[in-house]
Amino acid sequence: MEWLREWLPVAETAEEFGHRLTMAGLELDAIDAAAPVFSGVRVGKVLSVRPHPDADRLRVCEVDAGTGETLSIVCGAPNVTAGMLAPVACIGAVLPGDFRIKRSKLRGVESQGMLCSAVEVGLAESSDGLMALPADAPIGADFRAWMGLDDFILEVDLTPNRADCLGMLGIAREAGVLLDHPVTGPVIEPVRAGADHAVTVRVTSPEACPLYATRVIDGLDPNALTPLWMRERLRRCGVRPLHPVVDVTNYVMLELGQPMHAFSAEAAGPVIDVRFGTAGERLLLLNGNEVEVGPADLLITGANGPLALAGIMGGEGSAVTAGTTRIVLESAHFSPRALAGRARAHGLHTDASHRFERGVDPTIPLYAMERATALILEIAGGAAGPVVHQGQVPSAHADNRITLRRERITRVLGMAFAPVEVERILTGLGCRVAAMGDGWEVLPLRARFDLTREEDLIEELARIHGYERLPQTLPPTTVPVTSTVEAALGRRKRELADLGFHEVISFSFVAPDWAQAFYPDLEALALANPISSELAVMRPGLWPGLVRTAAHNLARQRMDLRLFEHGLRFVPDAAGLRQESRLGGLLCGRAEPEHWQGSRRAVDFFDAKGVVETLCAGARQALRFEPATHPALHDGQSARVMLGGQGIGWLGALHPSLCERFDLPELFLFELDAAVIASENVPQFRGLSAFPAIRRDIALVMNEDVAAGDILAAIAQLDLPLLQETRLFDVYRGKGLGKNEKSIALGLILRAFERTLDEKDVNSVTKSVVDQLEALFGAKPRY
């Protein structure tokens, strides 16, 4: 917050300002104090140091803490020297953790306080000695106030489209328009070249790197230290200080949002080329990992090969070290498209890749170069060469002109904005605004990659004005237009809900072993960067998700399950990747809810078959079930679902080996082509007959292997006008029949629309049915 206040006055508390950011779409994730609570610590100067008379590792220091008297303090820090300035906890001070400083004796010598390291005042997790303060620190000043430690750190959770706020410049711009106050950032003046040393820049891949700038700085002081103010700002932003040059590049990234990098000039060589990699090239990164790069990786290369993964991480071989006195400073703009996914491909995620993948302001690299140069020269000295760059710096504003209409603002937000307010907000966000007849012509700032159309500008008006201040108005109601297929699928899903099913939505990714277990004949598409090994391939069907959901519920004593899912399956083939809409279901447990009059029968194949028949009841073609084997289903309890001769899915009991493998009871599955079962007949009116129906029951003996579905299909083929319906109502096996025989009882329902049927009509239809079944299956009447 103190850093932000250097850009504009913010009178609000951290909580109030954080709430304002959240309401403007920049969600506040946390508020942290810049330092833990402590008091009574002053800036002190060590006047003299002498050995402790009774301890080799202790020193007795005379310290001026601005109290009017010299304090005698026993100190064990190895870096304590006469003349240094450091924090001093005086008698009565309270350090973090409620550690109180009292007058004490250490090995017989009185100590009137404590010289503090950064750890002891809560500013570091580890330390090698006292916290050395700069020579201009005011002796006797309250250390906490002098360091500005009553500050607060706001952690903002940005959405991917707001990369412009990944720096203090972007946050300050937002704060300026929210608080209606001009923003005054650091003055960045060009640094005049003090030498003529430079490197040659070549950009072989300009589409991936539209702008690449370098500057050689020579004569750096290897003993230079990063000033305390910069180290403290880096600490508050969660960045560990490392080296003055590296700290400056990190500081400029946090300030302006522009990632930068510095190479050792000796390692970089006289020519730097920005190009894509070639197969087999390798690079040892700063984190110690060696990666193999390829044609998809954008590289910064020197005379001896790759120097860095562009926009991601530098190489170990060209790193700036404690003895480096000559560097090549880099500031560039990399295309988000060229870097998208490349860091993840190598298992990396860096501050630079996080920004470049989302988009960095393409107009700012040269400003960042001048800012970093000035800071490096101020801290470490040296002489800067000229800036050498390839590519053009674009204008501050984007090329696309967006028309913003007053009428559209009112229609979308439900309120009218005063023209002066529209212009204030958009101008405050950096846009160039020109009034026109019925609205404005707007040129967005190039840093705002998310402003591409009229609705984006209207969203900005709503954000800054305040979502909570928009009126609550109902939009005009319209009847949604739903396609016939979508409507039919909606009816199928409601039918399943009416049958007691619950809809589940599972991941489109599954574990490779699950995909192999259920669909061994299909090759699942493997993901290049799976979020986990359990979600590494695209699902070839819906059963893994349904079974995993069932297992989760069964483990929690939910034993009676009816689950269904509608979703896509992904099947690679020669033409690419087929994405097919499927409707799947799972049944296990009791067939009926528990009740004192109910049955305890468990669900079986025919329950699942009945569900499929219900789903296909309105189909345009005849439904049939063919006995068939599927690797995931139980032999003898599985069937191919056929509709008009076309296979549309599978039905059956889960294979016992899979039940054992996944520790599951017996359960039944089906999976159907959703697009096919959604193609239903349009209901048509049929008149009702005024004449009575006649029923004739017949029993036929036939071989055991004759399927009931084939019998009904054979009768339907006769297309008898008087035969309204055929009901299979009994199956008998036993006494009076052969070993491989069964008796099927059929009820024939006959009716005419123009007259009452007589015995002759009934006998004729009955004979036709018996003759057809005898001819096809060898069926004989049973008397």
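When all alpha-carbon pairs of segment 218-334 are counted, what percent fall beyond 22 Å? Distances greater than 22 Å cover 36 percent of the Cα pairs. From the residues L563, V547, Q579, which one has its Cα farthest along the dipole of segment 521-586 in the positive direction, the dipole being from +1 and -1 charges on Cβ of Lys/Arg and Asp/Glu about the Cα centre? It is L563.
Gyration tensor over the Cα atoms of segment 109-175: the corresponding equivalent ellipsoid has semi-axes (square roots of 5 times the eigenvalues, largest first) of 37, 15, 10 Å. Shown here for segment 477-576: trypsin sites (Lys or Arg not before Pro) in loop regions (DSSP other than H, G, I, E, B) with at most 10 other Cβ atoms within 10 Å, namely R556.
Rounded to the nearest 10 degrees, the angle from helix 454-465 to the longest Cα principal axis of the chain is 60 degrees. Solvent-accessible area assigned to carbon and sulfur over segment 227-280 amounts to 59 percent, based on a 1.4 Å probe. Using a simple spin-label model with pseudo-atoms 7 Å out from Cα toward Cβ, T427 and L499 lie 6.6 nm apart. With a/c under 1.5 counting as rounded, go ahead and sort segment 425-537 into rounded, prolate or oblate using the C-alpha gyration tensor (a ≥ b ≥ c being the square roots of the eigenvalues; past the cut-off, prolate if a/b is larger than b/c, else oblate). Cα axes put segment 425-537 in the oblate bin. Here is the list for segment 588-673: trypsin sites (Lys or Arg not before Pro) lying in DSSP coil, each with at most 10 other C-beta atoms within 10 angstrom of its C-beta, are R600, R601.
Please identify the longest segment of the chain free of exposed GluC sites (Glu not before Pro), where exposed means a DSSP state other than H, G, I, E or B and no more than 11 other Cβ atoms within 10 Å. Can you show the working numbers first?
Working: sites that count: E69, E125, E207, E594, E704, E754.
The answer is 208-593.
Over the chain, what is the mean sequence separation of C-alpha contacts under 8 Å (at least six apart), divided by residue count, expressed as relative contact order in percent? Please list the in-between numbers first.
Values: 1501 pairs, mean separation 61.6, N = 783.
8 percent.
Per residue, the chain exposes 50 Å² of solvent-accessible protein surface, assessed with a 1.4 angstrom probe and all protein chains in place.
Once you have a ≥ b ≥ c as the square roots of the Cα gyration tensor eigenvalues for segment 606-652, tell me rounded if a/c is under 1.5, and otherwise prolate or oblate according to whether a/b is larger than b/c. Don't jump to the answer; show the numbers that get you there.
On the way: a/c = 2.71, a/b = 1.56, b/c = 1.74.
Oblate, since a/c reaches 1.5 and b/c is not below a/b.
Using the Cβ of I749 as centre and a radius below 14 Å, the other residues enclosed give a net charge of +1, where K and R count +1 and D and E count -1. The share of C-alpha pairs in segment 574-613 whose separation exceeds 16 Å stands at 55 percent.
Can you give the local net charge around I402? Use residues other than it whose beta-carbon is closer than 15 angstrom to its beta-carbon, Lys and Arg +1, Asp and Glu -1.
Values: positive: R401, R405, R406, R408, R432, R446, R448, R453; negative: D399, E423, D438, E441, D450, E454, E455, D456, E459, E460.
Spelling it out: positives minus negatives among the neighbours equals -2.
Summarised as an ellipsoid, the chain has semi-axes of 77, 33, 29 Å, derived from the eigenvalues of the Cα gyration tensor scaled by 5 and square-rooted, with the largest first. Here the calculated FRET efficiency for E292 and E6, from their Cβ-Cβ distance with R0 = 60 Å, stands at 0.85, rounded to the nearest 0.05.
Candidate cross-link partners of K102 among the aspartates and glutamates, defined by an alpha-carbon separation under 19 Å and a same-chain spacing of 8 or more, comprise E62, D64, E69, E110, E120, D142.
Could you check how many percent of all C-alpha pairs in segment 549-688 are farther apart than 17 Å?
Details: 6422 of 9730 pairs.
Pairs farther apart than 17 Å: 66 percent.
Against the main long axis of the alpha-carbon atoms of the chain, helix 365-380 sits at an angle near 40°. Please list, by residue number, everything in segment 587-620 whose backbone N is under 19 Å from a paramagnetic label point 7 Å out along Cα→Cβ of D663. Label zone hits: 589. The fraction of accessible area contributed by carbon and sulfur in segment 1-146 is 49 percent, rounded to a whole number (1.4 Å probe; ligands and nucleic acids excluded).
The calculated FRET efficiency for the pair R406 and E378, based on their C-beta separation and a Förster distance of 51 Å, comes to about 0.55. Along the positive direction of the dipole of segment 182-340 (beta-carbon charges: Lys, Arg +1; Asp, Glu -1; about the Cα centre), which of G185, M313, G302 reaches farthest? Going by the Cα projections, it comes out as G185. Once each part is reduced to its C-alpha centroid, what is the distance from segment 336-414 to segment 1-50 in angstrom? Each part reduced to its Cα centre gives a spacing of 27 Å.
For segment 258-276 versus segment 152-199, the spacing of their alpha-carbon centroids is 24 Å. Distance from the alpha carbon centroid of segment 562-624 to that of segment 494-542 works out to 16 angstrom. Only alpha carbons enter this Debye calculation for segment 1-159, each as an equal point scatterer, and the log10 of I(q)/I(0) it gives at q = 0.19 Å⁻¹ is -1.12. Going by a ≥ b ≥ c, the root eigenvalues of the Cα gyration tensor, does segment 666-783 fall in the rounded group (a/c under 1.5), the prolate group (a/b larger than b/c) or the oblate group? Judged from the Cα gyration tensor, segment 666-783 comes out oblate (a/c at least 1.5, b/c at or above a/b). Taking only Cα atoms, what is the 0 to 90° angle, nearest 10, from helix 168-179's long axis to the longest principal axis of the chain? Helix 168-179 and the main axis of the chain meet at about 80 degrees.
The values are calculated or read from the model by the stated rules, or taken from the named source; none is laboratory data. Being a predicted model, the structure only gives us computed values, none of them experimental. Positions of Cβ are backbone-derived with ideal geometry, glycine not excepted, and every protein chain shown enters the neighbour counts. SASA here: full protein model, heavy atoms, side chains in, ligands and nucleic acids out. Shrake-Rupley method; radii C 1.70, N 1.55, O 1.52, S 1.80 Å.
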